[in-house]
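Novice: The structure's right below; bear with me while I get my questions together.
Readers should treat all values here as calculations from the given coordinates under stated rules, not as data from a laboratory. The structure displayed is predicted, hence computed values, not measured ones. Glycine also receives a Cβ, built like all others from the backbone with ideal geometry; neighbour counts cover every protein chain displayed.
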Amino acid sequence: MDPLKKLVHWLEGDSQRPAALISSKLHVNKVDVTGRSLVANSKIAKNEPLITVPHSYLLNYVTILKHLEKSANWDSPINSTNYIYVPEGPIDPIYANFELSKLLQLSSFQLVSLYLVLEKQKPESYWKPFIDVLPSISELDGMPMIWALQNDPIFDLLPNSIKEHSKAQQEKFLSDYNAVQEFLLVAGLDGTSLVPQDDFLWAWVCCNSRCLYMELPEILDKQLEDNFTLVPFVDFINHAPEDHCSVSISSTKGFQVTSGSRPYGNGDQIFFSYGAHSDEFLLCEYGFMLPPCCNPCNSLDITPYILKLLKGEQSEFLKKHNYYGEYTLTSNEMSFRTEIALATLQEKDLSKILPMINGMSEGAPYKKNTNLLVEKILHKIQAASKEKQEELRRYPECYRTSLVIQAHHNINIICDAYIQY
Ligand SMILES: C[S@@+](CC[C@H](N)C(=O)[O-])C[C@H]1O[C@@H](n2cnc3c(N)ncnc32)[C@H](O)[C@@H]1O
């Protein structure tokens with residue numbers, strides 16, 4: 001049976017497992033570039049229920065603890081999880097080694113990724129229908145952090161801000177991998193053969209690109225970023241900048257999707273917004289960008305260029321007033337932080353900047369030089385971007401090079417909005 005049909009069959013439940021609800025008006029489409037997507041196959045009204053996935057099919061810290069307790073000599077610290085179905089079956093000798101106190105030190109990313117890798121190795125996992133439809137690592141090849149981990153020279157030709165973002169992700173990934181290896185070592189297991197780095201990378205990027213917000217019980221004492229779950233079928237919904245359908249989680253029913261504030265016609269794709277994200281963010285975290293000129297959240301970070309120009313006293317002033325760093329521009333406007341920093345650069349008497357910070361002055365005397373400074377910085381950025389694009393021509397065209405070109409194109413659109421030719 002086709003993996004997608006197996007997933008739907010699994011979600012239909014049986015005499016023991018609850019049933020998910022998937023509207024017959026939804027169809028899963030498979031396109032090369034955007035992967036799978038959900039499409040309406042007949043008219044859908046406003047606020048129509050489309051999908052409900054019970055907790056028994058959600059993969060997160062809570063459900064994993066419930067599955068692991070079967071093989072361990074401890075009970076999950078989360079009370080009243082009887083609503084989560086766990087199949088009968090033999091004890092797993094690997095999970096039997098897991099100590100609760102050590103397990104609870106793992107973050108959501110660490111635990112869910114570890115569990116995905118171990119369950120993927122089992123021919124009979126309860127989660128198999130879900131795991132079999134998760135994307136392969138090659139389907140997530142748009143994520144530059146993967147290029148960096150593979151030492152692909154094309155990574156270097158990306159704009160600096162994307163490189164910085166990806167390097168931070170890479171560090172987080174490696175630190176999560178080390179934490180999991182440490183956990184397995186303490187459990188007396190051979191971590192590197194049980195969880196090879198490439199397998200962990202697959203699981204980690206699946207979590208990163210498919211996680212949906214779900215608050216974890218307070219007793220787990222986790223960080224904000226740990227509050228996520230994976231949700232089969234709902235994770236086929238692609239991103240659009242404006243909200244289409246609405247998603248929510250109920251403690252009794254599970255994860256729910258309704259059509260939201262607009263109706264759909266036959267053939268319309270169902271989207272929801274992953275957040276107000278720029279193409280740079282979408283590329284780093286999800287491995288894609290919106291079509292050129294379609295992303296209203298795109299901005300250009302000129303922080304390093306401004307920081308280089310600031311004198312000690314000016315930096316101290318900006319730090320004192322919480323205006324140090326995060327200087328951005330969109331094609332329509334420069335951020336207020338950027339305006340303050342550029343005015344500070346021009347002023348000897350820094351007390352004169354305070355009325356601007358307090359909203360009592362628009363800073364008119366600084367505007368002309370501010371625009372000149374911005375132009376100068378953007379010329380430098382454009383020159384660096386041009387150099388990288390020329391270097392890129394030495395490489396054969398491929399998906400990665402097309403993404404690098406678009407990333408530079410996005411920069412040029414913003415530069416062109418400010419530079420007088
Ligand atoms: C939650 S999944 C959505 C379903 C996914 N397309 C699939 O095949 O399973 C998120 C991934 O879908 C892709 N994606 C989401 N929205 C997209 C969009 N607007 N354009 C292109 N790819 C998109 C990206 O690969 C992203 O990492």
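Novice: Just want the answer: with Cβ charges of +1 for Lys and Arg and -1 for Asp and Glu, which residue in Q346, Q406, N358 is farthest toward the dipole's positive end in the range 300-418?
Specialist: Value: Q346.
Novice: Identify, among N160, V62, P77, the residue whose Cα sits farthest towards the positive end of the charge dipole of the chain, taking +1 on the Cβ of Lys and Arg and -1 on the Cβ of Asp and Glu, with the dipole about the Cα centre.
Specialist: The one lying farthest along the dipole's positive direction is N160.
Novice: Go through the range 317-330 residue by residue and turn each phi into a ³J(HN,Hα) via Karplus (6.51, -1.76, 1.60, θ = phi - 60°); whole Hz please, and just put x for glycine and proline.
Specialist: Values, residue by residue: 4, 5, 4, 4, 9, 6, 10, 9, x, 6, 9, 10, 9, 10 Hz.
Novice: Further, regarding this structure: Counting pairs on different chains as well as pairs 8 or more places apart, how many Lys pairs in the range 59-229 have Cα atoms under 19 Å apart?
Specialist: Within the range 59-229, the lysine pair count is 13.
Novice: Taking the Cα centre as origin and putting +1 on Lys and Arg beta-carbons and -1 on Asp and Glu beta-carbons, what dipole magnitude results for the range 300-418, to the nearest 20 debye?
Specialist: Dipole about the Cα centre, nearest 20: 240 debye.
Novice: Continuing with this model, one more query. Near the amide H of G260, under 5 Å away, which other amide H atoms are found, from residues 5 or more places off or on another chain, if H is placed in the peptide plane?
Specialist: When sequence neighbours closer than 5 places are left aside, the close amide H contacts are N47, E48, S246.
Novice: Another question, if that's okay. Working from the pairwise distances between different alpha carbons, so that the mean of 1/r is found and then inverted, what is the range 225-319's Kirkwood radius in Å?
Specialist: Final number for the Kirkwood radius of the range 225-319 is 16.8 Å.
Novice: Please identify every one of the GluC sites (Glu not before Pro) in the range 152-222 that sits in a loop by DSSP and has no more than 16 other beta carbons within 10 Å of its own beta carbon.
Specialist: Counting only loop positions with at most 16 other Cβ atoms within 10 Å, the GluC sites (Glu not before Pro) in the range 152-222 are E215.
Novice: Would you please state the base-10 log of I(q)/I(0) at q = 0.12, 0.21, 0.26 1/Å for the range 316-382, with intensities from the Debye formula using one equal scatterer on every alpha carbon?
Specialist: -0.29, -0.89, -1.31
Novice: Same structure, new question: Based only on the alpha carbon positions, what is the Kirkwood hydrodynamic radius of the range 300-418, in angstrom?
Specialist: In the range 300-418 this quantity evaluates to 15.6 Å.
Novice: Step through the residues of the range 410-415 one at a time and calculate ³J(HN,Hα) from phi using the Karplus curve (6.51 cos²θ - 1.76 cosθ + 1.60, θ = phi - 60°), rounding each to whole Hz and writing x for Gly and Pro.
Specialist: Taking θ as phi minus 60°, the curve returns 4, 5, 5, 4, 5, 4 Hz for the range 410-415.
Novice: Turning to a different aspect of this structure: Per the Kirkwood definition applied to all pairs of different Cα atoms, how many angstroms is the hydrodynamic radius of the range 66-112?
Specialist: Roughly 11.6 Å, rounded to one decimal.
Novice: Separate question: Quick one, can you get me the convex hull of the C-alpha atoms of the chain expressed as volume per residue in Å³?
Specialist: In the chain, the Cα hull volume divided by residue count equals 187 Å³.
Novice: How big is Rg to Rh over the range 5-128, alpha-carbon atoms, Rh as the Kirkwood inverse-mean-distance radius?
Specialist: 1.03
Novice: Which ³J(HN,Hα) values, rounded to whole Hz and listed in residue order, are derived for the range 249-264 from phi using the Karplus coefficients 6.51, -1.76 and 1.60 in 6.51 cos²θ - 1.76 cosθ + 1.60 with θ = phi - 60°, glycine and proline given as x?
Specialist: Along the range 249-264, the couplings run 10, 10, 5, 9, 8, x, 8, 10, 10, 10, 5, x, 7, 9, x, 10 Hz.
Novice: Which FRET efficiency, nearest 0.05, do I413 and N29 yield, Cβ-Cβ r, R0 35 Å?
Specialist: E between I413 and N29, to the nearest 0.05, is 0.70.
Novice: log10 I(q)/I(0), Debye, Cα-only the range 352-419, no solvent, q = 0.14, 0.23 Å⁻¹?
Specialist: So the normalised log intensities work out to -0.58, -0.95.
Novice: Is there a pair in K25/K46; K320/K367; K319/K380; K308/K380 whose C-alpha atoms are over 18 Å apart, and which pairs would that be?
Specialist: Where the Cα-Cα span goes over 18 Å, the pairs concerned are K320/K367; K319/K380.
Novice: Here is a follow-up. Given the C-alpha centroids of the range 110-149 and the range 302-367, what is the distance between them in whole angstrom?
Specialist: Value for the Cα centre distance between the two parts: 45 Å.
Novice: Calculate the radius of gyration of the Cα atoms of the range 59-229 to one decimal place, then report Dmax, the largest Cα-Cα distance, as a whole number, both in Å.
Specialist: That works out to 16.7, 52 Å for Rg and Dmax.
Novice: Roughly speaking, what % of Cα-Cα pairs in the range 147-243 are separated by over 23 Å, rounded to a whole number?
Specialist: Tail fraction, whole percent: 45.
Novice: Another question about this same structure. Please report, in debye to the nearest 20, how large the charge dipole of the chain is about its Cα centre when each Lys and Arg carries +1 at its beta carbon and each Asp and Glu carries -1 there.
Specialist: 800
Novice: Calculated from DSSP H runs of 4 or more alone, at -39500 (n - 2.57) each and per residue, what is the 222 nm mean residue ellipticity of the chain, nearest 500?
Specialist: My calculation for the chain gives -13000 deg cm²/dmol from helical runs alone.
Novice: If you don't mind, there's one more thing I want to ask. In the chain, if the dipole is taken from +1 on Lys/Arg beta carbons and -1 on Asp/Glu beta carbons about the Cα centre, which of I306, W204, S331 is farthest to the positive end?
Specialist: So the residue furthest toward the plus end is S331.
Novice: Cut-off 17 Å, label point 7 angstrom out along Cα-to-Cβ of L350: give me the residues of the range 358-373 whose amide nitrogen falls inside.
Specialist: From the range 358-373, the list is 358.
Novice: Under a no-solvent Debye model with one identical scatterer per Cα of the range 267-308, what's log10 I(q)/I(0) at q = 0.13, 0.15, 0.18 Å⁻¹?
Specialist: The Debye formula, applied to the Cα set alone, gives -0.38, -0.48, -0.63.
Novice: If you line up the long axis of helix 197-210 against the longest principal axis of the chain, both from Cα atoms, how many degrees apart are they, to the nearest 10?
Specialist: Compared with the principal axis, the helix lies near 80 degrees.
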